[in-house]
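What follows is a set of notes on a single structure, which appears directly below.
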Amino acid sequence: MAKIDAFFKLMHDQGASDLHLISGQQPALRIHGDIERVKYKVLNNDDLRSMLYEITHEDKIKTFEETGDIDFGYEITGLARYRANFFMQKNGIGAVFREIPSKISTVEDLGLPTVISKLATLPRGLVVVTGPTGSGKSTTLAAIIDEANRKRKDHIITIEDPIEFVHESQSCIVNHREVGLHTKTFSSALRGALREDPDVILVGEMRDLETISLAIEAASTGHLVFGTLHTTSAAKTVDRIIEVFPASEQAQIRSTLADGIRAVVAQVLFKRIDKAGRCCAPEILIATPAVRNLIREAKTHQLPSSMQTGKKYGMQLLDDAIMKLFNKGWIGAEEAYAKANDKTAFRPLLKNPPTDFTEA
């Protein structure tokens, strides 16, 4: 048993999502969104480095000492998997670990709209799940892939950096590939995947032009592709995908994307006030003919209006999702106001509305 495993057990027992181990500071846990210090001594750089290197492969140590950053996965059998990131900072080495639960939650477990589970049964196309870091994108995608794994009879390939949720093959064959371990880059793995008889492809992060281009190509040639971006709304996600391409190619990509896209889920996490835990408010865009036409004609600023009128298809705006959570008594007015796009609807809910400098 590695020395650091005691911290992972504490993390698991406390229900923490993240563990922070930083030279010159006490260890800390993120519990239901808040950072909480652990009653432990201030970490010494040499001791922490020794503790971290005990669970790190030699190749990763070499990369870290050359670049100052690495990502990898670590697993404690019977407990959980962890996504690890090491980095150098002013006082020495630092590390953050995200716990990946061994049990995969269903869409119902997560309290997400049923339309999200239906995305797992799409025959082809591109589905993008977006949101800031730590907004639960991986958890939502894991629930969708789990649904596909149980209900389809297909070949699923996941490409991640590192592998997070592990899906045991059920009705589907599932292959997990880790960037840096099983393949060099997302784009090389995605290019290879097209020759591996896939039906469903999960791209952990659409981080560059080549990867995004290949994902759109795969979606347009009969595959169901899931990917993630770090955007804050459905409309901005469409714009972000198009803006990655050179100006001379954007008209063509608009047309290709309009044909290939199936849905965008942009989500935000909230701390629950009715019980311990967090909940998700998802903005959902479904690619109806009207939505495709807006994308094709470069009128993405009109997408929110289409989402407002497309509720019968399962579409919803982020602010509507937030208001639903507030009306259920799950989240507080202050956090609802802080994370809403149009704050005017939420100001009357506050006892003492702040003067928002962004409105000046």
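If you go through segment 298-323 and pick out every residue that is free of Cβ contacts under 8 Å to residues at least 12 places away in the same chain and under 24 Å from Glu243 (Cβ atoms), you end up with 3. Restricted to segment 92-144, and to residues there that are touching a Phe, Trp or Tyr at 6+ places or on another chain (Cβ under 7 Å) and in a helix (DSSP H, G or I), the residue that is farthest from Leu43 (Cα to Cα) is Ile144. Of the residues examined, Val96 is one that is under 24 Å from the mean Cα position of the chain (by Cα) and surrounded by 15 or more Cβ atoms within 10 Å (Cβ to Cβ).
As a summary of the residue check, Ala16 satisfies the conditions (1) surrounded by fewer than 19 Cβ atoms within 10 Å (Cβ to Cβ); (2) outside any strand (DSSP E or B); (3) under 26 Å from the mean Cα position of the chain (by Cα) except for the one numbered (1). Checking Glu99, Glu147, Glu108 one by one, the residue that is touching a strand residue (DSSP E or B) at 6+ places or on another chain (Cβ under 6 Å) and over 17 Å from Lys60 (Cβ atoms) is Glu99 and no other. Do we find that Thr256 is in contact with an Asp or Glu (Cβ under 7 Å, 6 or more places away or on another chain) and either farther than 23 Å from Leu119 by Cα or touching a residue at least 12 places away in the same chain (Cβ under 8 Å) (or both) in this structure? No, not satisfied.
The set of residues in segment 107-123 being more than 12 Å from Gln316 (Cβ to Cβ) and not hydroxyl-bearing (Ser, Thr, Tyr) consists of Val107, Glu108, Asp109, Leu110, Gly111, Lys118, Leu119, Ala120, Leu122, Pro123. Restricting attention to segment 170-187 and to residues that are surrounded by fewer than 21 Cβ atoms within 10 Å (Cβ to Cβ) and of a type in the set (D, E, K, R), the residue that is nearest to Asp71 (Cα to Cα) turns out to be Glu178. Of Ser248, Ser255, all but one fail to be of a type in the set (Gly, Ala, Ser), closer than 30 Å to Asp154 by Cα and surrounded by fewer than 21 Cβ atoms within 10 Å (Cβ to Cβ); the exception is Ser255. How many residues are loosely packed, with under 15 Cβ neighbours inside 10 Å and either among the polar types (S, T, N, Q) or without any contact (Cβ under 8 Å) to a residue 24 or more places away in the chain (or both) when one looks only at segment 147-169? Qualifying residue count for the region: 4.
Condition first: within 26 Å of Ser102 (Cβ to Cβ), over 24 Å from the mean Cα position of the chain (by Cα) and either part of a strand (DSSP E or B) or hydrophobic (A, V, I, L, M, F, W, C) (or both). Now tell me which residues in segment 19-52 satisfy that. Within segment 19-52, Val38, Met51, Leu52 meet the criteria.
Selection of first residues in segment 203-228 that are buried (at least 24 other Cβ atoms within 10 Å of the Cβ) and of second residues that are at pLDDT below 95 and aromatic (Phe, Trp, Tyr), restricted to Cβ pairs under 7 Å at least 6 apart or on distinct chains, gives the following pairs, ordered by first then second residue: Val203/Phe186.
So that you can scan it fast, the table gives a plain yes or no per residue for (1) in a helix (DSSP H, G or I); (2) over 23 Å from the mean Cα position of the chain (by Cα); (3) in the same structural domain as Glu205 (by TED's automatic domain parsing):
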| site | (1), (2), (3) |
| --- | --- |
| Val238 | yes, no, yes |
| Gln250 | yes, yes, yes |
| Ala263 | no, no, yes |
| Leu269 | no, no, yes |
| Leu294 | yes, yes, yes |
| Ala321 | yes, no, yes |
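For segment 334-360, which positions are aliphatic (A, V, I, L, M), at pLDDT 85 or above and out of contact with any helix residue (DSSP H, G or I) (no Cβ under 7 Å at 6 or more places or on another chain)? Ala338, the sole residue that qualifies. Of the residues making up segment 297-317, not a single one is in the same structural domain as Gly125 (by TED's automatic domain parsing), buried (at least 21 other Cβ atoms within 10 Å of the Cβ) and in contact with a Gly (Cβ under 8 Å, 6 or more places away or on another chain).
Annotation note: of Thr121, Thr140, Thr133, the sole residue that is touching a residue at least 60 places away in the same chain (Cβ under 8 Å), surrounded by fewer than 16 Cβ atoms within 10 Å (Cβ to Cβ) and of a type in the set (S, T, N, Q) is Thr133.
The values are calculated or read from the model by the stated rules, or taken from the named source; none is laboratory data. Because the structure is predicted, anything quoted here is derived from the model rather than measured. FYI the Cβ positions are ideal-geometry reconstructions off the backbone, even for glycines, and counts take in every protein chain you see.
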